[in-house]
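The values are calculated or read from the model by the stated rules, or taken from the named source; none is laboratory data. Just so we're clear, the structure is a prediction, and the values are computed from it rather than from any experiment. For neighbour counting, all protein chains shown are included, and Cβ atoms are generated from backbone atoms with ideal geometry for every residue, glycine included. We work out accessible area using only protein heavy atoms, side chains counted, and drop any ligands, DNA or RNA first. Shrake-Rupley method; radii C 1.70, N 1.55, O 1.52, S 1.80 Å.
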Amino acid sequence: VSVAFNAMQLRWGGPFTSILESLSFVSLNVEVLNMNCLTVPVGARSYILQMVSPVIIVIAVALVFAVAQRARPGMLNMDSFFNSVGQLAQMVYITFTLVALVPFHCYKHPNGKDSIVTYPKIICGDSEGDYYTVLSTGLLGLLVYPLLTVCIVFWAIFKYPQVILSSDVSFLWRFRSIFFRWKSECYWYTGVLVVRNFLLSVFPMTISESNVEVSALLMHVVLLTAFLIGALNLPWKTVAMNRLDLGLNFCLLLVLFTGSMTAGGNDLSRSLSSLLVVVVLFSLIVGVVVALWRVSLFMVKLQRYHIFISHHKGAGACLARLLKHTLEKETQRRIFYDCDDLSNLGEIFDAVKQSENLLVILSGETLCRPWCIGEIVTAHHCNVHMVPLRVGCASEVADETDKFVSLTGAEKQAIFSGFEVLRPFGILPEHVEPAVEHLLKKAALSLSSTCTTTEFRDTVMKLGVEFQTKGLLEPIVDPVAWCKRRMTGKAKRDSFTVSKVASGAGTVLIMSEPGNPDAAAAGHFIRIVLQETLQDDIGLDVDVDDDNFSEAMKSGGLRAIIWVVMASTFSSAGQLARLTIVYHHRPQAQVLPVVIGDGITFPTKNYVDALVDEELELSPELAKKLDMKGLSSQQTAVAINRVFNSIATFVNIQQAEKTVLHAQIQRLSGRVKAAWDVPLKRQSTRDISFELMAIQEI
């Protein structure tokens, strides 16, 4: 664009004119490059060399691809070559167009004749000179470079909606350079950029210097139109790129507006010219910084992930987070977890391709989720090692692995309609069943619904063997023996934890939902991070049965209890029964509610009133558990009322980025420490009766 501005022959003033002239090399002017050592001739032959330079660039790219293909067969293909050439063509589109239009850019001599601005010795319209050689070369270049590019881009944009509904995956990969930067609904935006760049090149090169104000006005219209289209549609996939694009377009408008003030013949003042230098340099610095940042991200992504964790956010996200945290510590390798490592959904399948293993958490409906299916299909096509982990299902019956397995043909077709979002990534419905079948044929690891500490560590050890990783202290020589040794050592620590909870000698107890593996995983994760902060004993109620839990509540020692609250908590018999037991034996217990996720529906006054009045029909399991301990629904109402007298702490384990998540748990740590300072005291049954009466009166 700077070369197009320079071609307008505006009077930019000293400093800014120097900047524009220093950027002349972008126009591929061989004279500026000072190639005297190559004895490059001037005039027509010099211009022909300029026009041939794009072909030389394409040949160089082809040679690089050929060498890379020979070094690593299969790493690159023709689609990658087309995409690279297409990306380069878009980057230097204005430069090629300006070079092709050089024969039309003339200036007038005092004798009435015109010369080409770039080659003053060539007289425009002179049949005896080199003008018509340059003109024919320019017309041919105009057809081959700018106009052909416009035709290809608009043909691809026209075909895109049809291809999305068909099975032509090769088209999407071949023209990825046209579509991959934009949101799916703005697939046409490359057409806007190509037309903008073409017009920005045509106006200053074809409109004479005497009508420079007309050229400036038309360029203002083009830039402002493109700016408004970008502002209204925000086509980039990321917010940062949308802001950067709008900022750079605004800078272009500012520069053009300032330069247009010299269309009347007056030079731009030195102060304004210097201000334009600052604006341009600032834009260049920002562009370079962003480019380096993108390159650094690209280099990071080139590093392979050891394990990619594929999971369903609704039922396996907490377990996925826990596995990521644990496996990274155990293997000292990179583990992919989307909330920590993904900037936009379009990159998720690239991450699968860059992974050595794919761990698929089958938590009930994983195979019915389009993005999980896309990850599995990509791993299947790229021969990435897949390991299925069944959660909450110890049975070997296939139908219990995932809902997808038991679907009828009509139900599968309904599910497949949701997989249409994968078409732009080359994943079609007919790819799904072979990939799923390949996954389910593999021997699956299992984690029961209780997800005790011992069971979880057992699963981690088995995963370590499955992925053939190294432990923190020793390599795997005999995987079975290694697994047994690690499990024995962990089991000793597990029994120590259980005894602490059962005896009530621990400091903090985390209560999660019995029978809900994701809630148990949330408890495990909070415990791991809190122990790093508090350096104290923290127990998990999933490690003890109901009898030991009651005994622990009767004894002293616990200074704080963390109650993990999820969407299903208030329908969980085990969780409500244990909360009732806590306040029955420890009426002044410091119970801190921790809401997992963005939020939940808290119990209403009607819900609590129904429990108090014994009008709410309890689940048979909850009624049985309360009856066994001699408790009532009224005491459950008191327990719920008391626990939510405390302000809940929100910990978004499922979706928060790692640093945000740890900050949330740090806040929880502060509340735990504050609870330690509250003196414990007993409360009589009579006091509880008075509280129950107060609830009824309210």
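For region 515-541, the set of residues classified as assigned to a helix (DSSP H, G or I), among the aliphatic types (A, V, I, L, M) and modelled with pLDDT of 85 or more consists of Ala519, Ala520, Ala521, Ala522, Ile526, Ile528, Val529, Leu530, listed by residue number.
What about Thr190, is it in contact with a strand residue (DSSP E or B) (Cβ under 9 Å, 6 or more places away or on another chain), surrounded by 19 or more Cβ atoms within 10 Å (Cβ to Cβ) and among the β-branched types (Val, Ile, Thr)? In short, yes. Of the residues making up region 542-556, those that are part of a helix (DSSP H, G or I) and either among the polar types (S, T, N, Q) or open to solvent by 20 Å² or more (accessible area, probe 1.4 Å) (or both) are Val542, Asp543, Asp546, Asp547, Asn548, Ser550, Glu551, Lys554. Applying the criterion of being aromatic (Phe, Trp, Tyr) and open to solvent by 20 Å² or more (accessible area, probe 1.4 Å) to the residues of region 580-610, the residue that is nearest to Gly523 (Cα to Cα) is Phe602.
Residues checked against (1) among the small types (Gly, Ala, Ser); (2) within 17 Å of Val1 (Cα to Cα); (3) in contact with a Lys or Arg (Cβ under 7 Å, 6 or more places away or on another chain):
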residue	(1), (2), (3)
Tyr189	no, no, no
Leu217	no, yes, no
Thr225	no, yes, no
Trp236	no, no, yes
Met241	no, no, no
Leu244	no, yes, no
Ser271	yes, no, no
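In region 21-35 there is at least one residue matching the filter, namely being out of contact with any strand residue (DSSP E or B) (no Cβ under 6 Å at 6 or more places or on another chain), farther than 30 Å from Ser274 by Cα and modelled with pLDDT under 80. Which residues, taken from region 255-276, are within 22 Å of Ser215 (Cα to Cα) and either assigned to a helix (DSSP H, G or I) or open to solvent by 90 Å² or more (accessible area, probe 1.4 Å) (or both)? Hits for region 255-276 are Val255, Leu256, Phe257, Thr258, Gly259, Ser260, Met261, Asn266, Asp267, Leu272, Ser273, Leu276. What do you reckon, is Leu618 closer than 30 Å to Thr326 by Cβ and either at pLDDT 80 or above or open to solvent by 30 Å² or more (accessible area, probe 1.4 Å) (or both)? Criteria not met by Leu618. Can you find even one residue in region 201-212 that is closer than 22 Å to Leu275 by Cβ, more than 29 Å from the chain's Cα centre (by Cα), open to solvent by 30 Å² or more (accessible area, probe 1.4 Å) and modelled with pLDDT of 85 or more? No, that holds for no residue.
Restricting the search to region 138-151, which residues are closer than 18 Å to Phe82 by Cβ, in contact (Cβ under 8 Å) with a residue 60 or more places away in the chain and not aromatic (Phe, Trp, Tyr)? Let's see the steps before the verdict.
Applying the first criterion (closer than 18 Å to Phe82 by Cβ) to region 138-151 yields 144-145, 148-151.
Checking the rest, the ones that are also in contact (Cβ under 8 Å) with a residue 60 or more places away in the chain come to 145, 149.
Once the filter is applied, which keeps residues that are closer than 18 Å to Phe82 by Cβ, in contact (Cβ under 8 Å) with a residue 60 or more places away in the chain and not aromatic (Phe, Trp, Tyr), region 138-151 yields only Thr149.
Restricting the search to helices (runs of 4 or more DSSP H) fully inside region 403-514 and requiring at least 1 residues that are open to solvent by 50 Å² or more (accessible area, probe 1.4 Å), at pLDDT 75 or above and of a type in the set (A, V, I, L, M) gives 409-417, 432-440.
Among the candidates Leu367, Leu327, Leu358, the residue that is more than 19 Å from the chain's Cα centre (by Cα) and within 23 Å of Pro424 (Cβ to Cβ) is uniquely Leu367.
Go through Ala156, Ala216 for me and flag whichever is free of Cβ contacts under 8 Å to residues at least 60 places away in the same chain and open to solvent by less than 40 Å² (accessible area, probe 1.4 Å).
On inspection, the qualifying residue turns out to be Ala156.
The residues of region 633-653 that are open to solvent by less than 30 Å² (accessible area, probe 1.4 Å) and out of contact with any Ser or Thr (no Cβ under 7 Å at 6 or more places or on another chain), listed by number, are Ser633, Ala637, Val638, Ile640, Arg642, Val643, Ala648, Thr649, Val651, Asn652, Ile653. Taken together, Ser343, Ser310 contain a single residue that is at pLDDT 90 or above and of a type outside the set (A, V, I, L, M, F, W, C), which is Ser310.
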